[in-house]
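To start, the structure under review is shown below, and the notes come after it.
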Amino acid sequence: MRGDFDRANALLPSIPKEQHDSVARFLESRGMLEEALEIATDSNYRFDLAVQLGRLEAIAIQAQSESKWRQLGELAMSTGKLDMAEECLLHAMDLSGLLLLYSSLGDAEGLTKLTSMAKEQGKNNVAFLCFFMLGKLEECLQLLIESNRIPEAALMARSYLPSKVPEIVTLWKKDLQKVNPKAAESLADPDEYPNLFEDWQIALNVEANVAPKRGIYPPAEEYIIHAERPNETLVEAFKSMHIHQEEVLPDENGDDAHEAIKENGVEESQEDAVEVDVEADGSTDGAVLVNGNDTEEQWDC
C-alpha cells in the first residue's frame, strides 16, 4: 500500500492463490493495471485487464468466445493492426465487421470470400452489399429473387440492368397474381410498352457498354479522379451531350442553322440528327461516342 513493490512481491507467494484476484482488483483500483494482470487468475478478468492495457497478444490468448474475439477485433482495428483484426473477426464470425474491413481496404478477394460466408449463414444483406461492391449485379438480382424480394429486384433491374426488366416483370406478375390479379395486370412490360419507359433504348445501350468494365476495380490511388467526376447517371450524361450537340451556331448569312422541324412531336435539325453510337462489341474501349455534325465528344464510362 505504501508503494514497496519489492516487499509486496516477496509476500505474494504466501497469499493463497484463490485470493489473487482480490489482490488484483485492489491493484486495479490503485491504477496498477500491469501488476493486476500479472497476478490475476480468472480468464475473464485477465481479458478485461488486457483490453484496458491494449495488450492484444495477451488478449488473444484469453479470447475463447465469439464476443471476446469480436471485442479484440474492434480493438485491433482501432490500433491499426489489420491482419490481427481480420483473424479475430473471422474467429468471431463478425460478418459486419469483416464487411467494414474489406470494403475499407478495397479487398476484392476478401469481399468474394465474405460473400460465400454470408450466403452460408443466410446473411443476405451482407452478401448483397458484397456483390454490389464487386459489380456483380446479376448476382444481386438473383439474390433478391431467391429472397422473394421481387419488387425490389424489378426496381434494381430498372436502374442497373434494364435488359432484365421483362424477365423480372414476368416473375412479379406471376407472384402478384396470387393476391391481386388486377394489380398484376397493371404492371407494364417494356417489351410491349417501351413508350412508358423513359430513355429506354439509351439505358439498354449504356448497360451493354459498361457491362465489360464492371469486373475491373481501379486502384485506390485513382480515387480523386473518380471523386471529381460529375455526379450524374450515365443516362443523364447521354442526354446532356445530346442537347449540347444540338446547340449549333448561326451560319454566315445570320440564319440559324438549327431550325426545329416538328414531326410527331419530336424536334429534329435540318442538319444530320445527333446520333448516339454505342458499339455492342466494346471496340470503343469503354468510351461512349456521341457524334454530331462537326464535333465529336468522348465520355468515359
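A short reminder: the numbers here are calculations on the coordinates, not readings from a lab. Keep in mind it's a predicted model, so treat the numbers as computed, not measured. Note that we place each Cβ from the backbone using ideal geometry, even for glycine, and neighbour counts take in every protein chain shown.
A few comments on the model shown:
- Other residues within the sphere of radius under 9 Å centred on the Cβ of residue 89, judged by their own Cβ, net out at -3 (K and R +1, D and E -1).
- For 191, 199, order by how many other beta-carbon atoms lie within 10 Å, fewest first: 191, 199
- Listed cross-link partners 113/173; 119/164; 136/182; 81/113; 174/213 are compared with a 26 Å cut-off, the Cα-Cα value being larger for 113/173; 136/182; 174/213.
- Cut-off 16 Å (backbone N to label point 7 Å along Cα→Cβ of residue 125), residues of region 146-160: 147, 149
- The residues 88, 130, when put in order of fewest to most other Cβ atoms within 10 Å, stand as 88, 130.
- The slack in the chain from residue 222 to residue 138, taken as 0.36 nm per residue of separation less the alpha-carbon distance, amounts to 27.6 nm.
- For 102, 223, order by how many other beta-carbon atoms lie within 10 Å, fewest first: 223, 102
- Within-13-Å neighbourhood charge of residue 145 [Cβ basis; K, R +1; D, E -1]: -3
- Inter-site label distance for residue 148 and residue 100 at 7 Å from Cα along Cβ, in nm: 3.3 nm
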